[in-house]
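Trainee: I'd like to ask you about the structure that follows.
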Amino acid sequence: MFSPEMKNFTNPLPPNEVHFIDLKVEPWEDKMRFKVFVQISEFLEPPNLNFFISNKTSEIISEVTLIENVDTNIVFTMHLRNASQQNQLTLLGEIFYSEDIGRVDSQTISFVLNE
């Protein structure tokens, strides 16, 4: 079972106050993978996280879900579903809990890949 003391949290927040502190995305050289850097606030209960990369027509081309995340700093790689070159992309991050609480924060980043 998770305990904020396990992580040495100094100011853990209740679920409805958990939020993004920072969200960044960096493409790998092949432009088919993206490194995502996430920082969220400290928490009393581990949140769930959703991340979606979509193209300019709002088609989701990559997605990741983390269930009951226990870290405040996270780095992971997302892969595009198809090999066609995408130039204008959007990363959407969501923090959510069970249905009774739902989504508590979201952040969107738009970015353009240089050829």
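The values are calculated or read from the model by the stated rules, or taken from the named source; none is laboratory data. Keep in mind that what you see is a predicted model, and the values were worked out from it rather than measured. Every residue, glycine among them, receives a Cβ derived from its backbone with ideal geometry; neighbour counts consider all protein chains shown.
Trainee: Any residue at all in segment 37-47 that is at pLDDT 95 or above, among the polar types (S, T, N, Q), surrounded by 16 or more Cβ atoms within 10 Å (Cβ to Cβ) and more than 10 Å from the chain's Cα centre (by Cα)?
Mentor: So far as segment 37-47 goes, yes, one or more of its residues are at pLDDT 95 or above, among the polar types (S, T, N, Q), surrounded by 16 or more Cβ atoms within 10 Å (Cβ to Cβ) and more than 10 Å from the chain's Cα centre (by Cα).
Trainee: Take the conditions more than 28 Å from N11 (Cα to Cα) and among the aromatic types (F, W, Y) and apply them to F76. Does it pass?
Mentor: Against the criterion (more than 28 Å from N11 (Cα to Cα) and among the aromatic types (F, W, Y)), F76 does not qualify.
Trainee: Here is a further query. Among K24, K35, K56, which is charged (D, E, K, R) and touching an Asp or Glu at 6+ places or on another chain (Cβ under 7 Å)? Give the derivation first.
Mentor: Details: K24 fails: touching an Asp or Glu at 6+ places or on another chain (Cβ under 7 Å); K56 fails: touching an Asp or Glu at 6+ places or on another chain (Cβ under 7 Å).
K35 is the lone residue from the list that is charged (D, E, K, R) and touching an Asp or Glu at 6+ places or on another chain (Cβ under 7 Å).
Trainee: Here is a follow-up. Could you figure out which of (1) surrounded by 12 or more Cβ atoms within 10 Å (Cβ to Cβ); (2) farther than 14 Å from H19 by Cβ; (3) of a type outside the set (V, I, T) isn't true of E99?
Mentor: Condition (1) is where E99 drops out.
Trainee: Quick one: which residue in V112, V25 is farther than 27 Å from P4 by Cβ, aliphatic (A, V, I, L, M) and surrounded by fewer than 12 Cβ atoms within 10 Å (Cβ to Cβ)? Even if it seems obvious, please write down each step before you answer.
Mentor: Numbers: V25 fails: surrounded by fewer than 12 Cβ atoms within 10 Å (Cβ to Cβ).
Just one listed residue meets the conditions, V112.
Trainee: Continuing with the same structure: What are the residue pairs meeting all of these: first residue in segment 102-113, first residue under 15 Å from D22 (Cβ atoms), second residue among the small types (G, A, S) and part of a strand (DSSP E or B), Cβ atoms under 9 Å, and 6 or more apart or on different chains?
Mentor: Going by the 9 Å Cβ cut-off, the qualifying pairs are D105/G93; S106/G93; Q107/G93; T108/G93; I109/G93.
Trainee: Right, something else. Return the residues of segment 10-20 that are free of Cβ contacts under 8 Å to residues at least 40 places away in the same chain, surrounded by fewer than 17 Cβ atoms within 10 Å (Cβ to Cβ) and of a type outside the set (S, T, N, Q); say none if nothing qualifies.
Mentor: Step one: of segment 10-20, the residues free of Cβ contacts under 8 Å to residues at least 40 places away in the same chain are 10-14.
The next check asks that each one be surrounded by fewer than 17 Cβ atoms within 10 Å (Cβ to Cβ); those that pass are 10-11, 14.
Hit for segment 10-20 is P14, nothing else.
Trainee: Can you give me the ranges of the strands (runs of 3 or more DSSP E) entirely in segment 30-96 with at least 1 residues that are touching a residue at least 24 places away in the same chain (Cβ under 8 Å), over 15 Å from T108 (Cβ atoms) and hydroxyl-bearing (S, T, Y)? Steps first, please.
Mentor: On the way: elements: 33-40, 48-54, 60-66, 73-79, 88-96.
In segment 30-96, 73-79 are the strands (runs of 3 or more DSSP E) which contain 1 or more residues that are touching a residue at least 24 places away in the same chain (Cβ under 8 Å), over 15 Å from T108 (Cβ atoms) and hydroxyl-bearing (S, T, Y).
Trainee: To continue, here is another question. Considering segment 1-29 alone, what residues qualify as being closer than 20 Å to I101 by Cβ and in a strand (DSSP E or B)? Before the answer, list the steps.
Mentor: Kept after step one, since they are closer than 20 Å to I101 by Cβ, are these residues of segment 1-29: 1-4, 9, 11-21.
If the condition is that a residue be closer than 20 Å to I101 by Cβ and in a strand (DSSP E or B), then L13, F20, I21 are the ones that fit.
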